[in-house]
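Novice: Take a look at the following structure, please.
The values are calculated or read from the model by the stated rules, or taken from the named source; none is laboratory data. Bear in mind that the values here come from a model prediction, so they are computed numbers and not experimental data. All Cβ positions, even for glycine, are placed from backbone atoms using ideal geometry, and neighbour counts span all protein chains on display. Ligands, DNA and RNA are excluded from the accessible area calculation, which covers all protein heavy atoms including side chains. Shrake-Rupley method; radii C 1.70, N 1.55, O 1.52, S 1.80 Å.
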Amino acid sequence: MGLIDTLLSSLPERDRDVMSQSGYGATMGLGQRPVLLVVDATYGFCGDRPEPVLESIKRWPNSCGEEAWLALAQIERLLNLFRAQQRPVFYTRGAYRDDKWDMGSWLWKHARSRPEEAPPPVSAHHHDDIVEAIAPRESDIVIGKQKPSAFFSTPLQSYLTLVGADSLVVAGGSTSGCVRATVVDGFSANYRIAVAADACFDRLQSSHAMSLLDMHAKYADVLETDALIQQMA
């Protein structure tokens, strides 16, 4: 049973019937010039080592725990593929002032991001640094962002135009947050999109699963990394 079939099987019968009869979930496919977009694979979202999420969030409030590290291994495989094929690689990371003033509305919904409640530094790594195991190379493009979507108030779309991209392969975290927001905005800009499901991560297993299913229904082809590599090879 494939990934999407497994996710569909967990739905109530009524929802399965809607999915089967509505026409959603068609395969869009990639274009001729895909780029890889690695969303927020940073220490803040991954922690500095593989460990259960309930342990990791004690030190890294936004961490997605050990699931993030499993996804990092798949992201590395995608990086190797895109670099071997000499295709563009993009990363995103948070970009905020040290006093967090420009975090804006994030501070309304996440108490532990507020300066007065944030835990003290626990590592030599900064929370917005991309995890070293998949660190960008000099030729890669790193986009600083402040909101969930990689497109919101960033130069991403102009850079995609510059490299002639017609499609995106998206990985990273969190699946239900920044990945989904980026996929919706990319879809809205008429890019073909594939999401590497096992190269994405989330702190909530339920949000991860439902976001993958919803993106596959409406905005992207959701595939496992093995299938994506086979397709691009």
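Novice: Anything in the stretch 11-37 that is over 30 Å from I141 (Cα atoms) and surrounded by 12 or more Cβ atoms within 10 Å (Cβ to Cβ)? List them, or say none.
Specialist: Within the stretch 11-37, the subset over 30 Å from I141 (Cα atoms) is 11-26.
Once the filter is applied, which keeps residues that are over 30 Å from I141 (Cα atoms) and surrounded by 12 or more Cβ atoms within 10 Å (Cβ to Cβ), the stretch 11-37 yields L11, D15, R16, V18, M19, Y24, G25.
Novice: Quick check: is even one residue across the stretch 146-166 surrounded by 18 or more Cβ atoms within 10 Å (Cβ to Cβ), in a strand (DSSP E or B) and either of a type outside the set (D, E) or out of contact with any His (no Cβ under 8 Å at 6 or more places or on another chain) (or both)?
Specialist: Just the residues of the stretch 146-166 that are surrounded by 18 or more Cβ atoms within 10 Å (Cβ to Cβ), to begin with: 148-151, 156, 160, 165.
Filter once more, keeping what is in a strand (DSSP E or B): none.
Within the stretch 146-166, none of the residues are surrounded by 18 or more Cβ atoms within 10 Å (Cβ to Cβ), in a strand (DSSP E or B) and either of a type outside the set (D, E) or out of contact with any His (no Cβ under 8 Å at 6 or more places or on another chain) (or both).
Novice: Which pairs do you get when a residue that is touching a residue at least 24 places away in the same chain (Cβ under 8 Å) and within 17 Å of A197 (Cα to Cα), found in the stretch 1-21, comes within reach of a residue that is among the acidic types (D, E) and open to solvent by 50 Å² or more (accessible area, probe 1.4 Å), reach meaning Cβ atoms under 8 angstrom, with the pair 6+ apart or on two chains?
Specialist: Qualifying pairs under 8 Å: L3/E224.
Novice: If the requirement is being open to solvent by less than 40 Å² (accessible area, probe 1.4 Å) and either touching a residue at least 12 places away in the same chain (Cβ under 8 Å) or out of contact with any Cys (no Cβ under 8 Å at 6 or more places or on another chain) (or both), which of these qualifies: D198, D214, D128, D226?
Specialist: Values: D198 fails: open to solvent by less than 40 Å² (accessible area, probe 1.4 Å); D214 fails: open to solvent by less than 40 Å² (accessible area, probe 1.4 Å); D226 fails: open to solvent by less than 40 Å² (accessible area, probe 1.4 Å).
One residue alone meets the criteria, D128.
Novice: Is it the case that some residue within the stretch 61-74 is closer than 16 Å to D202 by Cα, part of a loop (DSSP other than H, G, I, E, B) and either open to solvent by 30 Å² or more (accessible area, probe 1.4 Å) or of a type in the set (F, W, Y) (or both)? Don't jump to the end; show me each part of the working.
Specialist: Residues of the stretch 61-74 closer than 16 Å to D202 by Cα: 61-74.
So of that shortlist, the ones also part of a loop (DSSP other than H, G, I, E, B) come out as 61-65.
Then drop every residue that is not either open to solvent by 30 Å² or more (accessible area, probe 1.4 Å) or of a type in the set (F, W, Y) (or both), which leaves 61-62.
The answer is yes, given that some residue of the stretch 61-74 is closer than 16 Å to D202 by Cα, part of a loop (DSSP other than H, G, I, E, B) and either open to solvent by 30 Å² or more (accessible area, probe 1.4 Å) or of a type in the set (F, W, Y) (or both).
Novice: Here is a check on your reading of the model: is I229 more than 29 Å from K109 (Cβ to Cβ), at pLDDT 95 or above and touching a helix residue (DSSP H, G or I) at 6+ places or on another chain (Cβ under 8 Å)?
Specialist: Details: more than 29 Å from K109 (Cβ to Cβ): yes; at pLDDT 95 or above: yes; touching a helix residue (DSSP H, G or I) at 6+ places or on another chain (Cβ under 8 Å): yes.
Considered against the rule, which asks whether it is more than 29 Å from K109 (Cβ to Cβ), at pLDDT 95 or above and touching a helix residue (DSSP H, G or I) at 6+ places or on another chain (Cβ under 8 Å), I229 comes out as yes.
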